[in-house]
Amino acid sequence: MKVSGYSGIVGRPGGTLASAAVLAALTALCACTVQPPAGTDGKGNSPVHIELPHSRTPGGTGGPAPGGASGRTSGSAAAPTPSAVETVPPHIVYTRGDTGTGVRELQARLRQVAWLSDGPTGTYDDLTAEAVKGFQGKRGLPRTGETDAVTWRRLRAMTHTPGKWDLYLMGGQPAAAPDPRCLTGRVLCISKTSRTLRWMVDGRTVSTMSVRFGAQYTPTREGVFHVYWKSRHHVSTLYHSPMPYAMFFSGGQAVHYSYDFAARGYAGGSHGCVNVRDEAAVSALFTEVRNGDKVVVYW
């Protein structure tokens, strides 16, 4: 019996009986390479599909993943239950203890929607946190007192971008350069541009504080004056309003502490006086200033 390759197996005269055995072996070999039915894992089992949380569309329903992928995979792990998918908290933009111009903008916007009466100060304090809580609660958001991304977006959508004066309503505005007339002697150097008062002695700034001026029909006079009378517990005889720590420099106009300025900031105005909102600062100033000291009011 002689077999040479496959030459004597099929379709050739003179083939031997071995051709039947070889043919059977080839049939068995071909049977081992038959592909499993589509949709199985190669063992006849259907694959398990797992829905990935990140493959959901923005609308919250399942859908194709980016790039055209189905968002599904196969394997032996069980599909996660909804409770197993973690909820990522919103990103915190500002919180207690933060400082800077961003916090000042937050406070200015909270003032626009009447949730904050003080500030802007540029410091995220307890008053700011309480204002944020109130804003959040009114709109059905978690009352955390922290300004997260959701709260920040909602507040920005309801308010306009604050301007320079909005950002520095209650102090913090950098003082303008002193007028040349302020550089000698003892001077209350008052700038209408920056709305600040410098207390200066021989060209040196001793203290600085925020001030406001007269309203449209009762403007604060500009020029060079001198303090001619001090009255610690003064009450206006014309308007019957308190004027503590009053330092008169031109007729009935004086530098003095203002309860209204402390409460409402630049939302109001005086009857011509220079209002100070920081009581501790004006109290110290009242102690230092003497009758005869110069007062310079300028733009």
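The values are calculated or read from the model by the stated rules, or taken from the named source; none is laboratory data. From a predicted model like this one, the values you see are computed outputs, not experimental measurements. Please note: Cβ atoms are built from the backbone with ideal geometry, for glycine as well, and neighbour counts cover all protein chains shown.
Here ALA246 fulfils each of the conditions (1) under 24 Å from TYR168 (Cα atoms); (2) over 33 Å from the mean Cα position of the chain (by Cα); (3) buried (at least 18 other Cβ atoms within 10 Å of the Cβ) apart from (1).
Applying the criterion of at least 1 residues that are under 26 Å from HIS271 (Cβ atoms), at pLDDT below 95 and in the same structural domain as PHE249 (by TED's automatic domain parsing) to the strands (runs of 3 or more DSSP E) found wholly in the range 161-214 leaves 196-201, 204-212. Looking across the range 282-296, the residues that are within 15 Å of MET243 (Cα to Cα) and buried (at least 18 other Cβ atoms within 10 Å of the Cβ) come down to VAL282, LEU285, PHE286. Of all residues in the range 88-104, those being crowded, with 20+ Cβ neighbours inside 10 Å and more than 16 Å from THR144 (Cα to Cα) number 2. Considering only the range 199-214, state which residues are aliphatic (A, V, I, L, M) and under 34 Å from the mean Cα position of the chain (by Cα). Those that are aliphatic (A, V, I, L, M) and under 34 Å from the mean Cα position of the chain (by Cα): MET209, VAL211.
Conditions tested, residue by residue: (1) closer than 22 Å to ALA108 by Cα; (2) among the small types (Gly, Ala, Ser).
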position: THR159; (1), (2): yes, no
position: GLY163; (1), (2): yes, yes
position: LEU167; (1), (2): yes, no
position: THR196; (1), (2): yes, no
position: VAL211; (1), (2): yes, no
position: THR220; (1), (2): no, no
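Taken over the range 101-145, the criterion of being of a type in the set (S, T, N, Q) and in a helix (DSSP H, G or I) is satisfied by THR101, GLN107, GLN112, THR128, GLN136. Take CYS182 and tell me if it is in contact with a Pro (Cβ under 9 Å, 6 or more places away or on another chain) and under 22 Å from GLU288 (Cβ atoms). Taking the combined requirement at face value, the residue does not satisfy it. Does GLY140 fit the bill of being assigned by TED's automatic domain parsing to the domain that holds ASN275, at pLDDT 95 or above and exposed (fewer than 14 other Cβ atoms within 10 Å of the Cβ)? Judged against the criteria, GLY140 is not a match.
Looking only at residues of the range 105-119 that are charged (D, E, K, R) and at pLDDT 75 or above, we find that the one that is surrounded by the fewest Cβ atoms within 10 Å (Cβ to Cβ) is GLU105.
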